[in-house]
1. So in segment 70-97, with the set limited to residues that are touching a residue at least 12 places away in the same chain (Cβ under 8 Å) and more than 14 Å from R33 (Cα to Cα), which one is surrounded by the most Cβ atoms within 10 Å (Cβ to Cβ)?
2. State all residues of segment 71-88 that are part of a strand (DSSP E or B), over 14 Å from G41 (Cβ atoms) and in contact with a Ser or Thr (Cβ under 7 Å, 6 or more places away or on another chain); if no residue qualifies, say none.
3. Out of all the residues in segment 68-76, is one or more farther than 12 Å from I28 by Cβ, touching a helix residue (DSSP H, G or I) at 6+ places or on another chain (Cβ under 6 Å) and not hydroxyl-bearing (S, T, Y)?
4. Can you confirm whether S83 is over 14 Å from the mean Cα position of the chain (by Cα) and of a type in the set (G, A, S)?
5. Taking segment 32-69, which residues are surrounded by 13 or more Cβ atoms within 10 Å (Cβ to Cβ), within 13 Å of the chain's Cα centre (by Cα) and not in a helix (DSSP H, G or I)?
6. Just wondering, is there one or more residues in segment 15-31 that are surrounded by 15 or more Cβ atoms within 10 Å (Cβ to Cβ), touching a residue at least 40 places away in the same chain (Cβ under 8 Å), within 15 Å of T80 (Cβ to Cβ) and not β-branched (V, I, T)?
7. Go through segment 32-69 and report how many residues are within 18 Å of H94 (Cβ to Cβ), of a type outside the set (A, V, I, L, M) and touching a residue at least 24 places away in the same chain (Cβ under 8 Å).
Amino acid sequence: MSFADEAGEQHPTLALDDTVHQRVRLGILTIAREAESVEFGFLKEQLAATDGNLSRHLKVLEDSGLVTVTKGYVGRRPRTWVSLTPQGAQALDHELRALRALVRRLDTAASERPRT
């Protein structure tokens, strides 16, 4: 089975990155893109994730070189900050282009479908 269309172009879903595309990881990358760094607790709240779940996803992104995780203190309270790496910004851009291509393809198909 081929995923190329009539023009020989691959289906946009083939360009999606499994590391980036997962909901929590995509959320981490997009939120981190909006700020220089983001605090773990803020990510947890925004993404409705548990500590363990968020930590696991951060580990995947960190191991892939897409984010850096920095630990420190604010007063006496430990804090963890997450920052997007240049590679992470590039991966997010690639993912967003693939998603836009998928939406364009669906919009085109819907507009070409005969109306009943």
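1. If we filter segment 70-97 for residues that are touching a residue at least 12 places away in the same chain (Cβ under 8 Å), which is where we start, we get 70, 79-85, 87-89, 91-92, 94-95, 97.
With the extra rule that they be more than 14 Å from R33 (Cα to Cα), the set shrinks to 70, 79-80, 97.
Working: T70: 11, R79: 13, T80: 17, R97: 12.
Step by step, filter segment 70-97, then rank; the result is T80.
2. Within segment 71-88, just S83 meets the criteria.
3. no
4. On the way: over 14 Å from the mean Cα position of the chain (by Cα): no; of a type in the set (G, A, S): yes.
No, not satisfied.
5. S64, L66, V67
6. no
7. Counting residues in segment 32-69 that are within 18 Å of H94 (Cβ to Cβ), of a type outside the set (A, V, I, L, M) and touching a residue at least 24 places away in the same chain (Cβ under 8 Å) gives 2.
No value in this document is a laboratory result; all are computed from the given coordinates. All of these numbers come straight from a predicted model, not from anything done at the bench. We place every Cβ from the backbone using ideal geometry, glycine too, and count neighbours over all the protein chains shown.
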